[in-house]
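One structure is given here, and the rest of the page talks about it.
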Amino acid sequence: MANIGRLSVKDSVLFLCDMQEKFRPNIFQFTNIVSNAARLLQASRVLGIPPILTEQYPKGLGPTVPELGAEGLTAHAKTCFTMILPEVEKQLQELGNPKQAILCGIETHACIACTTYDLLEKGMEVHIVADAVSSRSQTDRLFALSRLKQSGAFLTTTEAVLLQLVQDAKHPNFKEIQKLMLHPSPDTALLSFFSAL
């Protein structure tokens, strides 16, 4: 049977990539990207999905922005463009090697791309939350999403992830997840991606 990419709470891990202060003025749609990622992080806490947080060269690029709501998470510092560091590999093993990765953050054509390739090579299913990833340039962002889709990643949106994870209005945590969707996810200018397909 073909892999259809159905998300499951028990098999998922949330990757939060490099949403740091120094990127704030330069990343296309930064505020909206972080807002969507923050919703995903809140949902992961409600549903018990483990989050993994990285920071790219924090000495130069600063800490994770406070509006992500990542207080209490250990940020793995890195200089490479993948999130799959030895300590992250160890964390994944301790979590029982989850089968699905939900990926958000920056930059789409750099750290998101390299992380996706590494996860796919490990045999994980990768769900890139398109309205929660970005780059400095919209061109780099959109071409990276297209390229990552070609490589086998699933492209999705913040609200679609939230609904797929609960799958039923009778889910015991549905009301809490529903509160995260009271307002539509902010527009992050993805329509040009689909018009180019």
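The values are calculated or read from the model by the stated rules, or taken from the named source; none is laboratory data. As the structure is a computational prediction, the values presented were derived from the model and not from experiment. All Cβ positions, glycine included, derive from the backbone under ideal geometry; neighbour counts span all protein chains shown. Ligands, DNA and RNA are excluded from the accessible area calculation, which covers all protein heavy atoms including side chains. Shrake-Rupley method; radii C 1.70, N 1.55, O 1.52, S 1.80 Å.
Things worth noting here:
- Options Leu85, Leu119: the member that is of a type in the set (A, V, I, L, M, F, W, C) and either touching a Leu at 6+ places or on another chain (Cβ under 9 Å) or modelled with pLDDT under 95 (or both): Leu119
- Filtered residue count, segment 72-101, keeping only those that are touching a Phe, Trp or Tyr at 6+ places or on another chain (Cβ under 7 Å) and under 26 Å from Gln42 (Cβ atoms): 2
- The set of residues in segment 20-52 being closer than 23 Å to Lys179 by Cβ and in contact with a strand residue (DSSP E or B) (Cβ under 7 Å, 6 or more places away or on another chain) consists of Ile33, Asn36, Ala37, Leu40, Leu41, Ser44, Ile49, Pro50, Pro51.
- Residue match in segment 139-149 (condition: more than 17 Å from the chain's Cα centre (by Cα), closer than 25 Å to Phe23 by Cα and free of Cβ contacts under 8 Å to residues at least 24 places away in the same chain): yes
- Single residue of segment 8-50 satisfying the filter (assigned to a helix (DSSP H, G or I) and acidic (Asp, Glu)) that is least open to solvent (accessible area, probe 1.4 Å): Asp11
- Those residues of segment 174-184 which are surrounded by 13 or more Cβ atoms within 10 Å (Cβ to Cβ), modelled with pLDDT under 85 and in a loop (DSSP other than H, G, I, E, B), in sequence order: Met181
- Checked against the criterion of being open to solvent by 40 Å² or more (accessible area, probe 1.4 Å), touching an Asp or Glu at 6+ places or on another chain (Cβ under 8 Å) and over 16 Å from Pro51 (Cβ atoms), segment 112-132 has no qualifying residue.
- Of the residues examined, Leu53 is one that is out of contact with any Lys or Arg (no Cβ under 7 Å at 6 or more places or on another chain), part of a strand (DSSP E or B) and of a type outside the set (Asp, Glu).
- Remark: pairs (first residue in segment 43-64, without any contact (Cβ under 8 Å) to a residue 40 or more places away in the chain and of a type in the set (A, V, I, L, M); second residue part of a loop (DSSP other than H, G, I, E, B) and open to solvent by 20 Å² or more (accessible area, probe 1.4 Å); Cβ separation under 8 Å; 6+ apart in sequence or on different chains) = Leu53/Leu73; Leu53/Thr74.
- Among the candidates Val126, Val166, the residue that is within 19 Å of Val13 (Cβ to Cβ), touching a residue at least 12 places away in the same chain (Cβ under 8 Å) and in contact with a Gly (Cβ under 8 Å, 6 or more places away or on another chain) is uniquely Val126.
- Of all residues in segment 1-26, those that are at negative phi and in contact (Cβ under 8 Å) with a residue 24 or more places away in the chain have Cβ atoms under 7 Å from Cβ atoms of residues that are open to solvent by less than 70 Å² (accessible area, probe 1.4 Å) and charged (D, E, K, R), 6 or more apart or on another chain, in Asn3/Glu125; Gln20/Glu55.
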